[in-house]
Amino acid sequence: MNPLIALLVIVPITCALLLNLLHNKDRTIKIIATIIAIFLPIIPLFTSYGLHYFGAYSTLAQSPTLAQWVPSTITNSVLNLYHMGIVYSFGSAQQVLLIVLGIIAFLAIITSLNEIKRPSGVYAFLMFMLVAAVSAIILSDDIFNLYVFFEIAAIAQVGIIIASKIKGNYETALKYMILGSIASPLFLVGIALLLGITGNVNITDIAYSLKTGIINPQNPVLLMACGLIIFGWLYGTGLPPFHTIKSAVYSKALPHGAALLQAFSVFILVALGIVIFRIFSYIPFSKTFIIAISLAAMILSITMALMQTDFKRIIAFLAVGELGYIGIGIGLGTAYSITAGLFQAVNEAIITAFLFIGFGTIMYLTKETDIKKLGGMMIHYPKAALLVLLAGLAMAGVPPLNAFQSKFMLIQSSLNAGIPELGIIMILLSIVTFMTFMKAFYAIYMRPEPKELKINVSKIPKATIFSLVVFLIICLVLGLFPQIATNALQPLANSLI
Amino acid sequence: MIIGSQLASFFTAGALIIIGIYAALFLDNLIKKVIGLAFIGDGANLFIITMGYKLNGIVYIFLPGMSIDFFAQNASYPLPFALVLTSIVIGASTLAVMLGLIILLYKKYGSIKASKILGE
């Protein structure tokens, strides 16, 4: 048992609570938040792989001292192999995901601390709480624990939207909560049905019960549980029919907040997608459904992005559309495609955060987000423009940047699976993504500057430029040496097949 | 009779969820929408509690003098009850945030009509 695994969640939660108490003490908040944010990507680096048992007990089969106190009716049954408490599982894939989350969180937090004149303890609390919730979702092997942190993350997301003070933020927050209050209890009923059928909420134990036939996998109640859990998954990730509200959520948050919100969507897509795959992959049409919904997300979101004039909304729709690529990787269901999907998740989380913070500089400088009212920014800020352009190229999958590698792997997977049409659609949508990005980029940076445009602040904070450069370096490193991520993600993908 | 009450609980949970979804989707008053959402959450909680019910079972408290075998065979399943406690806390905090938002929006619009505030 490794206590550092628990610290991956406990550190951000404790920091969040502390920062909330220190509200209004600007300098202290800045120092503490920066120090803890630095540790977020470092802790997973030093954590060794293994399991962490809350309650300190492993299975009865692994704890003979405990087993001697338990009646033989239990030790002779399958209960001997079941996990008794909440289990956190930390392997190489979780390590990569948590390092990426930590880097995004660190950069988003230092950007926010430098862009906001008076750092708010409550805002920092919400950001750290979201990081803690996402970390727990990645680690948890307990589906109810996952649901609890899913809900905590949902409330933290709403808090981040409320704190943004962007026009229409309260309305969007309420809409998101109303939809969430329908989807989450239904997700909970799905978990309850699983609990009712298997008597368990541990994902490994549920999958074991179904694989070994202890529980009849053809039970129709399981089909209903699958449907309800997928519904919660669609809400959490923002896949259709929730793509419109999810993009609205991103666009009503401050850019650094949106960078974290999209990371939540990406990681919940991966974490819950893997849970669905582990438990329900035996249902014949479950993979087809995942592919279909992913395709719908890509087509609908990228098409809607084309019609927007608010650059935050454009990136928001593109971010939701890019989620489809991850879904296709999981839906194809081979070890290679799942590795590609996981790699795409890592890349997308980085690139979208890169874009949100990059385009966020325009909002910081002009307080304007409508591309019709913007222009000529390249003359004023050529370095930032170059960085944003590279972020857009990364999202479109241009070599040698990271998304090229993952999208290439995904296209290869579709060919290997005998569905070349899927590969063609992915290529076409990448081209449309690039066109949409270039439309926004041209309007903001390259078009002549409108006379009525006012630049309120003359300088972009150094922390923001630092964040953008770090994102670019990561994109380049993962683009040139994809094996750094894929070698770590592969064991998880192999274990699912 | 006991099976009947368990079944009745399941049906009640289902009814609460359906009524709640109807209220959340089709009623225009935001407070009524929130009441509907509370119904959905309560329905889900009732559903879980009902699942933990054991016919002729005993409360899952290990009393002095009780044999372990008797307890293992007769105690009702405690996990759903533990889960529901957490779920209730989450539901309460979500409702509090929603009501807080409605107060803010009421101050802004002078109305609690969803069609006016949320635009659809």
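Below, the figures for the structure above:
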{"item": "Residue within the range A:198-209 that is within 11 Å of chain B (Cβ to nearest Cβ), in contact with a strand residue (DSSP E or B) (Cβ under 6 Å, 6 or more places away or on another chain), farther than 22 Å from B:Leu46 by Cβ and not in a helix (DSSP H, G or I) present", "result": "yes"}
{"item": "Any hit, the range A:69-76, residues being surrounded by fewer than 24 Cβ atoms within 10 Å (Cβ to Cβ), of a type outside the set (Gly, Ala, Ser) and away from every other protein chain (no Cβ under 14 Å)", "result": "no"}
{"item": "Matching residues in the range A:293-324 - criterion: being under 20 Å from A:Ile338 (Cβ atoms) and surrounded by fewer than 24 Cβ atoms within 10 Å (Cβ to Cβ)", "result": "A:Ile293, A:Leu295"}
{"item": "Residue list for the range A:233-272, restricted to those being out of contact with any helix residue (DSSP H, G or I) (no Cβ under 6 Å at 6 or more places or on another chain) and either surrounded by fewer than 24 Cβ atoms within 10 Å (Cβ to Cβ) or part of a helix (DSSP H, G or I) (or both)", "result": "A:Leu234, A:Pro241, A:Thr244"}
{"item": "Single match in A:Asn20, A:Asn80, A:Asn24 (criterion: at pLDDT below 90 and under 30 Å from A:Ala163 (Cα atoms))", "result": "A:Asn24"}
{"item": "Residue in the range A:38-54 that is loosely packed, with under 15 Cβ neighbours inside 10 Å, more than 26 Å from the chain's Cα centre (by Cα) and touching a residue at least 24 places away in the same chain (Cβ under 8 Å) present", "result": "no"}
{"item": "Residues that are in contact with a helix residue (DSSP H, G or I) (Cβ under 8 Å, 6 or more places away or on another chain) and away from every other protein chain (no Cβ under 11 Å), drawn from the range A:222-232", "result": "A:Leu222, A:Met224, A:Ala225, A:Cys226, A:Gly227, A:Ile229, A:Ile230, A:Phe231, A:Gly232"}
{"item": "Odd one out for A:Gly375 among (1) small (Gly, Ala, Ser); (2) assigned to a helix (DSSP H, G or I); (3) modelled with pLDDT under 95", "result": "(2)"}
{"item": "Single residue of the range A:37-69 satisfying the filter (of a type outside the set (A, V, I, L, M) and farther than 30 Å from A:Asn80 by Cβ) that is modelled with the lowest pLDDT", "result": "A:Phe46"}
{"item": "Candidates B:Leu30, B:Leu25 - the one that is modelled with pLDDT of 95 or more and farther than 25 Å from B:Thr86 by Cβ", "result": "B:Leu30"}
{"item": "Qualifying residue in the range A:212-223 (condition: within 23 Å of the chain's Cα centre (by Cα) and within 28 Å of A:Ala296 (Cα to Cα))", "result": "no"}
{"item": "Selection status of B:Asp42, farther than 20 Å from A:Leu194 by Cβ, within 11 Å of chain A (Cβ to nearest Cβ) and either out of contact with any helix residue (DSSP H, G or I) (no Cβ under 7 Å at 6 or more places or on another chain) or not small (Gly, Ala, Ser) (or both)", "result": "yes"}
{"item": "Verdict on B:Ile58 being facing chain A (nearest Cβ under 7 Å) and either under 23 Å from B:Ser9 (Cα atoms) or at pLDDT 90 or above (or both)", "result": "no"}
{"item": "Unmet requirement for A:Ile230, which otherwise passes all of (1) closer than 30 Å to B:Leu105 by Cβ; (2) assigned to a helix (DSSP H, G or I)", "result": "(1)"}
{"item": "Qualifying residue in the range B:75-96 (condition: more than 7 Å from every other protein chain (Cβ to nearest Cβ) and more than 27 Å from A:Ala192 (Cα to Cα))", "result": "no"}
{"item": "Single residue of the range A:162-180 satisfying the filter (at the interface with another protein chain (Cβ under 7 Å from one of its Cβ atoms) and in contact (Cβ under 8 Å) with a residue 12 or more places away in the chain) that is surrounded by the fewest Cβ atoms within 10 Å (Cβ to Cβ)", "result": "A:Lys175"}
{"item": "Selected residue (only one of A:Leu195, A:Leu126, A:Leu188 is touching a Pro at 6+ places or on another chain (Cβ under 7 Å), within 14 Å of another protein chain (Cβ to nearest Cβ) and either without any contact (Cβ under 8 Å) to a residue 60 or more places away in the chain or over 30 Å from A:Pro220 (Cβ atoms) (or both))", "result": "A:Leu195"}
{"item": "Unmet requirement for B:Leu99, which otherwise passes all of (1) outside any helix (DSSP H, G or I); (2) more than 8 Å from chain A (Cβ to nearest Cβ); (3) in contact with a helix residue (DSSP H, G or I) (Cβ under 8 Å, 6 or more places away or on another chain); (4) not β-branched (Val, Ile, Thr)", "result": "(1)"}
{"item": "Filtered residues of the range A:56-83 (kept if in a loop (DSSP other than H, G, I, E, B), more than 17 Å from A:Ala6 (Cα to Cα) and without any contact (Cβ under 8 Å) to a residue 40 or more places away in the chain)", "result": "A:Thr59, A:Ser63, A:Gln68, A:Trp69, A:Val70, A:Pro71, A:Asn76, A:Ser77"}
{"item": "Residue match in the range A:334-343 (condition: buried (at least 24 other Cβ atoms within 10 Å of the Cβ), among the aromatic types (Phe, Trp, Tyr) and under 22 Å from A:Ala163 (Cα atoms))", "result": "no"}
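Residues are listed down the side, and each one gets a yes or a no for (1) closer than 14 Å to A:Ile460 by Cβ; (2) β-branched (Val, Ile, Thr); (3) surrounded by fewer than 20 Cβ atoms within 10 Å (Cβ to Cβ); (4) in contact with an Asp or Glu (Cβ under 6 Å, 6 or more places away or on another chain):
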{"site": "A:Glu348", "(1), (2), (3), (4)": "no, no, no, yes"}
{"site": "A:Thr352", "(1), (2), (3), (4)": "no, yes, no, no"}
{"site": "A:Lys373", "(1), (2), (3), (4)": "no, no, yes, no"}
{"site": "A:His380", "(1), (2), (3), (4)": "yes, no, yes, no"}
{"site": "A:Leu389", "(1), (2), (3), (4)": "no, no, yes, no"}
{"site": "A:Ala394", "(1), (2), (3), (4)": "no, no, no, no"}
{"site": "A:Pro399", "(1), (2), (3), (4)": "no, no, yes, no"}
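The values are calculated or read from the model by the stated rules, or taken from the named source; none is laboratory data. Please read all numbers here as calculations on a predicted model, not as lab measurements. So basically every Cβ, Gly included, is an ideal-geometry build from the backbone, and we count neighbours across all protein chains shown.
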